[in-house]
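First the structure, in the form of structure tokens, and then the observations on it.
The values are calculated or read from the model by the stated rules, or taken from the named source; none is laboratory data. Note that the structure is a prediction, hence the values are computed from the model and not measured. We place every Cβ from the backbone using ideal geometry, glycine too, and count neighbours over all the protein chains shown.
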Amino acid sequence: MGAVKSIGVIGGGAWGTALALTAARAGTTVRLWARDPATVSEVRTKQQNTKYLPGITFDEDLNATSSLKEVADADAILLVTPAQSTRAILSALKETGNVRGPVVLCAKGIEQTTGKLLSQVMKEELPGIEPGVLSGPSFADDVAKGLPTAVTVAAHTAKTALSLCEALQSPCFRPYASIDVLGTQIGGALKNVLAIACGAVAGRKLGASAQAALTARGFAELNRLGSAMGAQGETLTGLSGLGDLVLTCSSTQSRNFSFGMRLGEGFMASELIAAGGKLAEGAYSAQVAVKLAQKHEIEVPICDTVARMVSEDMTIDEALNTLMARPLKSETDFF
Ligand SMILES: NC(=O)C1=CN([C@@H]2O[C@H](COP(=O)(O)OP(=O)(O)OC[C@H]3O[C@@H](n4cnc5c(N)ncnc54)[C@H](OP(=O)(O)O)[C@@H]3O)[C@@H](O)[C@H]2O)C=CC1
Ligand SMILES: O=C(CO)COP(=O)(O)O
């Protein structure tokens, strides 16, 4: 593909808005699609998205629209809605007949009903269109404020990955190109599950040592499962893997970590979900991550306890006891 001069961003939430700002700062023509007309109007007229990025007024004028057909008419599309809505949006995008460039998957999750990665979903819904993936340690708030951030942008060819990077690069946003489309998705999906575990440890006040141990053992799970699924080692230890795991497992700014904290404080997962709070993708990916691990015959005890806490099959104290009472084993696979 040639240079990416225009980008359509689908998703008027925190991350979609921050990525639209990122493209604008890079000098790329950008149009943001949101399903909520109030968001479209506020972004257009007030340079704000108070529902998802409260307290931030953009320096950039963003062109927002409610027309999917309009936003699809771009050299590349960033798809930035929650993972579970990906199939429906891809199908609606196909209906527009306007998609020509790569569609970059920016959600961090696995499809619950099928256990498929989002690029696999895209292959079914938009065959013939190149998938891309954007993932890495990047809080939408930080990015919207122009704080320095680095992410991985993957596509099947280096040329496409580099063109996408060029269309997003600015003094505050540094994308690294990759051709590991599969591997770049795995870290983002699994770190959300593992961040719930770390948040639960913080909420239950089990100490910084426990949190660090859980992060490191969580990385072992991410690494084992990612490798079994075919991810490259450098991807798993890179920005979209270890980088994002460290960020999300250590900050109350993370919605997954905060969701875990509430579990650790004694709230039930169903209460938190019913209250309709902020999106915690890990709550939707935990169970399906465990199933994927079973399919690949990989042990993921931390993901498993998170899945069981989310389905209310286990309390935080039971989870802790289960993890601590596991049979002794080697940290490496050498003996
Ligand atoms: N926030 C962050 O820091 C980062 C988020 N991500 C990932 O990006 C994805 C989106 O997250 P984020 O933007 O933060 O989420 P938000 O909760 O901030 O926003 C979600 C957006 O998606 C819209 N939406 C939800 N369901 C649908 C649907 N079925 N059809 C169309 N639009 C829909 C919502 O619209 P409405 O308002 O109408 O409900 C809203 O505009 C997630 O997978 C997340 O893990 C990745 C990196 C950073
Ligand atoms: O993916 C993110 C940071 O890289 C955002 O994490 P949360 O969805 O947990 O807020």
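Within segment 257-273, the residues that satisfy the criterion of being closer than 17 Å to Lys205 by Cα and within 16 Å of ligand 1 (Cβ to nearest atom) are Phe257, Ser258, Phe259, Gly260. Total residues in segment 106-162 satisfying the condition of being within 15 Å of Phe173 (Cα to Cα), of a type outside the set (Phe, Trp, Tyr) and within 13 Å of ligand 2 (Cβ to nearest atom): the figure is 15. Scanning segment 71-98 for residues that are closer than 18 Å to Thr28 by Cα and either free of Cβ contacts under 8 Å to residues at least 40 places away in the same chain or within 16 Å of ligand 2 (Cβ to nearest atom) (or both) returns Leu78, Leu79, Val80.
Selection of segment 13-26 for residues being assigned to a loop (DSSP other than H, G, I, E, B) and away from ligand 2 (no atom under 16 Å from the Cβ) yields only Ala26. The one condition from (1) over 17 Å from the mean Cα position of the chain (by Cα); (2) away from ligand 2 (no atom under 15 Å from the Cβ) that Ala202 does not meet is (2).
Before we move on, is Ala280 at pLDDT below 95, within 11 Å of ligand 1 (Cβ to nearest atom) and of a type in the set (Gly, Ala, Ser)? Considered against the rule, which asks whether it is at pLDDT below 95, within 11 Å of ligand 1 (Cβ to nearest atom) and of a type in the set (Gly, Ala, Ser), Ala280 comes out as yes.
If you go through segment 229-256 and keep only what is within 15 Å of ligand 1 (Cβ to nearest atom) and closer than 18 Å to Ser285 by Cα, you end up with Ser240, Gly241, Asp244, Leu245, Thr248, Cys249, Ser254, Arg255, Asn256.
Per-residue answers, yes or no, for (1) more than 18 Å from Val103 (Cα to Cα); (2) assigned by TED's automatic domain parsing to the domain that holds Leu19; (3) touching a Leu at 6+ places or on another chain (Cβ under 9 Å):
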site: Gln169; (1), (2), (3): no, yes, no
site: Asn192; (1), (2), (3): yes, no, no
site: Cys198; (1), (2), (3): yes, no, yes
site: Ala216; (1), (2), (3): yes, no, no
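Filter segment 252-265 down to the residues that are buried (at least 17 other Cβ atoms within 10 Å of the Cβ) and either of a type in the set (D, E, K, R) or out of contact with any Lys or Arg (no Cβ under 6 Å at 6 or more places or on another chain) (or both) and list them by number. Hits for segment 252-265 are Ser254, Arg255, Asn256, Phe257, Ser258, Phe259, Gly260, Met261, Arg262, Leu263. Each residue in segment 244-268 was checked for being assigned to a helix (DSSP H, G or I), more than 7 Å from ligand 2 (Cβ to nearest atom) and either under 17 Å from Gln84 (Cα atoms) or in contact with a Phe, Trp or Tyr (Cβ under 8 Å, 6 or more places away or on another chain) (or both), and 1 pass. So for segment 210-229 (the condition being touching a Gly at 6+ places or on another chain (Cβ under 9 Å) and among the small types (Gly, Ala, Ser)), does at least one residue qualify? Yes, that holds for at least one residue. Quick test of your reading of the structure: Leu206 fulfils all but one of (1) at pLDDT 95 or above; (2) assigned to a loop (DSSP other than H, G, I, E, B); (3) assigned by TED's automatic domain parsing to the domain that holds Cys303. Name the failing condition by number. Unmet condition: (1). Of the helices (runs of 4 or more DSSP H) lying entirely inside segment 46-163, those carrying at least 2 residues that are of a type outside the set (A, V, I, L, M) and either over 21 Å from the mean Cα position of the chain (by Cα) or within 13 Å of ligand 1 (Cβ to nearest atom) (or both) are 68-72, 86-96, 140-144.
Residues are listed down the side, and each one gets a yes or a no for (1) among the charged types (D, E, K, R); (2) surrounded by fewer than 18 Cβ atoms within 10 Å (Cβ to Cβ); (3) free of Cβ contacts under 8 Å to residues at least 60 places away in the same chain:
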site	(1), (2), (3)
Glu111	yes, no, no
Leu117	no, no, no
Pro137	no, no, no
Leu147	no, yes, yes
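Somewhere in segment 276-293, is a residue among the hydroxyl-bearing types (Ser, Thr, Tyr) and within 19 Å of Ala83 (Cα to Cα)? Checked segment 276-293: at least one residue is among the hydroxyl-bearing types (Ser, Thr, Tyr) and within 19 Å of Ala83 (Cα to Cα). Is segment 182-196 home to any residue that is of a type in the set (Lys, Arg), in contact (Cβ under 8 Å) with a residue 12 or more places away in the chain and closer than 30 Å to Thr315 by Cβ? The answer is yes, given that some residue of segment 182-196 is of a type in the set (Lys, Arg), in contact (Cβ under 8 Å) with a residue 12 or more places away in the chain and closer than 30 Å to Thr315 by Cβ.
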